[in-house]
Amino acid sequence: MPHDDPKRFYLASLGCKVNQYESRALAEAWERAGFIRVDSPERADVAVLLTCAVTARAEAESRRLVRGLVRQAGPAARVVATGCAAVVSPEALAALGATVVPDKAGLAGHPLGPDNTAPRPPDVFPDLRLSGHDRARGLLKVQDGCSHGCTYCIVPAARGPSVSRPLPDILDEAGRLLRAGRREIGLTGINLGHFGRDLRPALTFWDLVAALDTLLDAEPAGSARLRLGSLDPDMLTDAGVAALARSRHVCPHLHISLQSADPGILAAMGRRPGDADRLSRFVDKMSRQWPVMALGCDILTGFPGESEAAFARTADFLAALPLTYAHVFPYSRRPGTPAAGLPGQVPRPVQAERARRLRELAEAKSRAFLQALSRAPGLEVAVERREPTVGSCGQYVDCRFEGDPGVPVGAIARARPVGVDGALVVVSALTEGGAA
């Protein structure tokens, strides 16, 4: 319980969408308990950072931010480090003067304590939840942890094995987000492909999509939608095609954690050699369902042992794919992972050059996709802010309205593309009814 006098907290988050979700959930919990959020650590009684450890660089950035909070916070304030880096490197953060609480859910009751949170059992989903969201698009966390073990990845050590959120809890939170005015719900997790395996009865991610699709059927037609988070290629099955073909609410947007298209490199990563072929077949089938489809990929280049031929195989695959954007990263040697000790470490300049080439390829495809969207007969745009009025269409592209779409922030407007302005598609709201 909070102290008798109001306490002020400052909260910052580094890293992925799961961290963003957890940050918002902690803020909601503390505000319900009577704490007051402030916008600077100097004004706070407690300053909390959700750290990241996905790469060595992210962990170094976490330490830098903690060091800054310790310096900026008042002498009586407490600095708390939680999240992934607090799990894998607690001593390094404690040495900077932070109180380290690895289990974020243990902080939900009180940002000032306890110092030593009992660890969460590995088969229990973290008790963090949202009643609303501070953005037009609401995130919904459905899964945590990963049981796969890619050779370059520290996340299983940081978050533990995969654990799924019970389906009734997911549906309840989706309902709360809808009632709070969130018209787009984005599913997030550490490895969505592992969702449901530990539930009884067991479910698949596509079962979850079908259940949420049924929930959204109760909303006025075209007024709410579902956006899928990052998918593992192993999820790209005929059951997935069938679930998406049946859905009336899923955005026509896929983001795939591919990493490489070379079978040998995928095997060295601890992934599946046939992932690129699986993705290609899935996209071919979905393009018949979604004529205007967005497709993004995560790509990791410069992995140990990646020859020029292996790199070219990935580049050629992406060039042939109807890609609309890509997140390209040069491999970062992460202490504590098997890949850090592999032979054939690629020199940093070579990594950087390969990443540059892939980014240029992806950027050219992105520009072409913007032009294609500008010729589409219509788009559905979730309004995110005013002055100017901007939002995001179902294909995950930012749009700017000419004039007022006639719907509140958070709602979905039907719009007609009229051009391209930089990285934005310019749209004009359709007059017949406004909301789709």
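The values are calculated or read from the model by the stated rules, or taken from the named source; none is laboratory data. This structure is a prediction, so every number in the text was calculated from the model and none was measured. Heads up, the Cβs are rebuilt from the backbone with ideal geometry, glycines too, and the neighbour counts pull from every protein chain shown. The accessibility values were calculated without ligands, DNA or RNA, using every heavy atom of the protein model including side chains. Shrake-Rupley method; radii C 1.70, N 1.55, O 1.52, S 1.80 Å.
Inside the stretch 176-187, residues that are open to solvent by 20 Å² or more (accessible area, probe 1.4 Å) and not charged (D, E, K, R) make up a count of 2.
Taken over the stretch 188-221, the criterion of being surrounded by fewer than 16 Cβ atoms within 10 Å (Cβ to Cβ), touching a strand residue (DSSP E or B) at 6+ places or on another chain (Cβ under 8 Å) and either small (Gly, Ala, Ser) or under 21 Å from VAL381 (Cα atoms) (or both) is satisfied by PRO220 alone.
Among the residues in the stretch 279-286, are any within 30 Å of ALA60 (Cα to Cα) and crowded, with 18+ Cβ neighbours inside 10 Å? No, the conditions are met nowhere in the stretch 279-286.
Residues that are of a type in the set (Gly, Ala, Ser), within 30 Å of GLU308 (Cα to Cα) and free of Cβ contacts under 8 Å to residues at least 60 places away in the same chain: find the strands (runs of 3 or more DSSP E) completely inside the stretch 162-264 holding 2 or more of those. So that I can check it myself, show each step before the final result.
Numbers: elements: 184-188, 225-227, 253-259.
Strands (runs of 3 or more DSSP E) meeting the threshold: none at all.
Among residues of the stretch 377-391 that are on the phi < 0 side of the Ramachandran plot, those with a beta-carbon under 8 Å from a residue that is surrounded by fewer than 16 Cβ atoms within 10 Å (Cβ to Cβ) and of a type in the set (Val, Ile, Thr) at least six positions away or on a different chain give the pairs VAL383/VAL409; GLU384/VAL409; ARG385/VAL409; ARG386/VAL409.
Could you grab me the full set of residues in the stretch 277-309 that are in a helix (DSSP H, G or I) and either at pLDDT below 95 or not acidic (Asp, Glu) (or both)? Listed by number, the residues that qualify are ARG278, LEU279, SER280, ARG281, PHE282, VAL283, LYS285, MET286, SER287, ARG288, GLN289, ALA309.
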